[in-house]
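Contents: one structure, followed by commentary.
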Amino acid sequence: MLKTQGPLSVHDMSKQLGITEMAVRRHINTLDRDGLLETKLVRQAMGRPTSLYSLAAQADDLFPKNYMQLTLDLLSELVQDDGEDLVDRLFARRQGTMEQRYQSRMDFSKLEERIEELARIQNENGYMVEWSQTGQDEYTFSEHNCPITQVAYRFQQACQCELKLFQNLLDADVERTECLAKGGSKCIYRIRGRK
């Protein structure tokens, strides 16, 4: 309602939803607590001012987006115009940019600590990571979700970029043993410390 109709009062929402104003206020309190609402006090010709509620900019992420299709279309156009080499270079640059962004967070002497930090980074980006130690200086790193799966299906450069990023950030030998974009149920990496 707030997305399609703009600012509304509690009374307006109550009437449209067919619930009590108290019930609407509970929803408003939750949305406000989560930083998803903006409130504007509007003076009336008579009586008390009324609060009008609208969605905050942060709420926009709650609605469906089709960025993936845009990304796929743009990358496909680049391939048509300039070939796969340009896409290779774009993903290599992305990998370098991400490496610069996260390198400062990898200032740990132990490989295990770097893996733990990489898991934190990937979880912040929606990858749903689990990792475990499997042997002396050997680890398994599993990503149960890939936010860019559709891009990775079409452009394997995304997967190569991630593998190289992990190798460089961890300063370790990293091998991908299963890949979502190649039909796996998750992306699994085997990590071994360098001697």
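Between Rg and the Kirkwood Rh of the range 121-195, both from Cα atoms, what is the Rg to Rh ratio?
Ratio of gyration radius to Kirkwood radius: 0.96.
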For this session: Could you tell me what % of all Cα pairs in the range 41-101 have separations over 18 Å?
Result: 66 percent
Exercise. How much FRET efficiency would the formula 1/(1 + (r/R0)^6) give for Thr134 and Gln44, where r is the Cβ-Cβ distance and R0 is 45 Å, rounded to 0.05?
Worked result: 0.10
Problem set entry | Ranked packing of 59-66, 182-189, 138-145, 96-103, most packed first, by mean Cβ within 10 Å | 138-145, 182-189, 96-103, 59-66
Exercise. Taking the Cβ-Cβ separation of Thr20 and Glu113 as r and a Förster radius of 41 Å, what is the calculated FRET efficiency to the nearest 0.05?
Worked result: 0.20
For this session: Provide Rg and Dmax in Å for the range 44-184, with only Cα atoms included in the calculation.
Result: 20.5, 76
Seminar exercise, completed: With a Förster distance of 41 angstrom and the Cβ-Cβ distance between Leu74 and Met1, calculated FRET efficiency to the nearest 0.05 equals 0.75
Exercise. Straight-line reach from Lys164: which lysines have a Cα under 24 Å away, not including same-chain ones fewer than 8 places off?
Worked result: Lys110, Lys182, Lys186, Lys195
Problem set entry | Partner lysines for Lys40 [C-alpha distance under 25 Å; skip if fewer than 8 residues away on the same chain] | Lys3, Lys15
Seminar exercise, completed: Evaluated at 25 °C and 0.890 mPa s, the Stokes-Einstein D of the range 1-81 based on the Kirkwood radius over Cα pairs, in µm²/s, stands at 162 µm²/s
Problem set entry | Between the range 52-68 and the range 142-195, the alpha-carbon center distance in angstrom | 30 Å
Seminar exercise, completed: With -39,500 (n - 2.57) per DSSP H segment of 4 or more residues and division by the full residue count of the chain, the 222 nm estimate, nearest 500 deg cm²/dmol, is -15000 deg cm²/dmol
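Taken together, the values in this text are just the output of simple stated rules run on the coordinates, not laboratory data. Treat the numbers as computed from the prediction; the structure is a model and nothing was measured. Neighbour counts are summed over all protein chains in view; Cβ atoms, including those assigned to glycine, are modelled from backbone coordinates with ideal geometry.
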